[in-house]
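Below is one structure, written out as structure tokens, with a few remarks after it.
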Amino acid sequence: MTTPSNPVTDLQLQHRSVRKYLSTPVTDEQLELIVTAAQRASTSSNLQIATVVAVRDANRKRRISEAIGGRDYVENASVFLVWIADFSRNVELVRAQGVETETVGLIENTLVGAVDVGIAAQNALLAAESMGLGGVFVGSVRNNPEAVSTELGLPKHAFPVVGLALGVPDPEEGTGLKPRLPLSGVLHHETYNVAAWEHAVESYEEEYREYFETQGIPGRSWARTVTRRIATPEGLHGRHTMRDSLRSQGFDSE
Ligand SMILES: Cc1cc2nc3c(=O)[nH]c(=O)nc-3n(C[C@H](O)[C@H](O)[C@H](O)COP(=O)(O)O)c2cc1C
């Protein structure tokens, strides 16, 4: 890379998901700075849709883990953050003006909620990483959004989009930087370029296989991983019924 790096991009380029933690806690001061940094992110129309529920209670973490298929990184995290697309505040504000909201259920606002939450949550993870903490996003909360919503006491118009398990990284975990597609495959100039990604995927397969070999997992293929995830409903681990889950929380997704 020819552009000089800086401490922020250095940190971004060192990201790896951390799923094993020491017992050292994430302090309340750290948590507050992490969520303040998340809140400072841009937010669609300043709607400030993101709410985060911080779960530290061991029994609650265990119940959430069990409900979503058993995830030890949820149970062992010092704090498990659940990021909520939360229109409930806004709906109440609108009602207080004597008006009913007609658009909260529209798919556009479902997208607004998911995008805002994702942007805020990534700000949080980067802030945590800047403090020497580590974490992993947990899309698996959507394996069973009903149970997670009940466990957290979410009101209508509030939906658990993604979790973020945080803790002090266990140095024994030993994962490295998982390679990404070559830049030429994802950075297209002016118009979309199919040939660019075709070439990139070919060389990525090799890098991907080699990376997993260093992790003691031989014979991995990115194409097979992608296929397992998106070819059939089974790859979604229960999330193929998301429209119903969204509706039950007041997101009609029309
Ligand atoms: C929205 C989102 C949801 C994710 N959900 C999970 C999850 O449920 N379980 C998990 O182990 N990793 C999860 N991850 C982590 C990805 O698997 C990980 O980022 C990816 O494999 C790349 O690895 P790296 O972050 O170590 O570079 C999620 C990541 C994102 C962005």
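Going residue by residue through the stretch 181-199, is there one that turns out to be assigned to a loop (DSSP other than H, G, I, E, B), at pLDDT 90 or above, in contact with a Lys or Arg (Cβ under 7 Å, 6 or more places away or on another chain) and over 30 Å from residue 242 (Cα atoms)? Checking the stretch 181-199: not a single residue is assigned to a loop (DSSP other than H, G, I, E, B), at pLDDT 90 or above, in contact with a Lys or Arg (Cβ under 7 Å, 6 or more places away or on another chain) and over 30 Å from residue 242 (Cα atoms). Residue pairs whose Cβ atoms lie under 8 Å apart, separated by 6 or more positions or on different chains, with the first residue in the stretch 19-38 and within 22 Å of residue 140 (Cα to Cα) and touching a residue at least 24 places away in the same chain (Cβ under 8 Å) and the second among the polar types (S, T, N, Q) and in a helix (DSSP H, G or I), are 20/76; 21/76; 38/123.
Of all residues in the stretch 57-73, those that are in contact (Cβ under 8 Å) with a residue 12 or more places away in the chain and on the phi > 0 side of the Ramachandran plot have Cβ atoms under 6 Å from Cβ atoms of residues that are within 11 Å of the ligand (Cβ to nearest atom) and part of a helix (DSSP H, G or I), 6 or more apart or on another chain, in 69/143. In summary, residue 130 fulfils each of the numbered conditions (1) buried (at least 16 other Cβ atoms within 10 Å of the Cβ); (2) touching a Leu at 6+ places or on another chain (Cβ under 7 Å) with the single exception of condition (1).
If I ask for residues that are assigned to a strand (DSSP E or B), within 11 Å of the ligand (Cβ to nearest atom) and either among the charged types (D, E, K, R) or within 29 Å of residue 104 (Cβ to Cβ) (or both), which ones from the stretch 126-164 would you list? Scanning the stretch 126-164 gives 137, 138, 161, 162, 163, 164. Residues that are more than 16 Å from the ligand (Cβ to nearest atom), farther than 25 Å from residue 146 by Cα and out of contact with any strand residue (DSSP E or B) (no Cβ under 8 Å at 6 or more places or on another chain) number at least 3 in the following helices (runs of 4 or more DSSP H) confined to the stretch 1-118: 28-39, 88-96.
The values are calculated or read from the model by the stated rules, or taken from the named source; none is laboratory data. What you see is a predicted model; the values in this text were computed from it and never measured. Cβ atoms come from the backbone with ideal geometry, glycine included; neighbour counts cover every protein chain shown.
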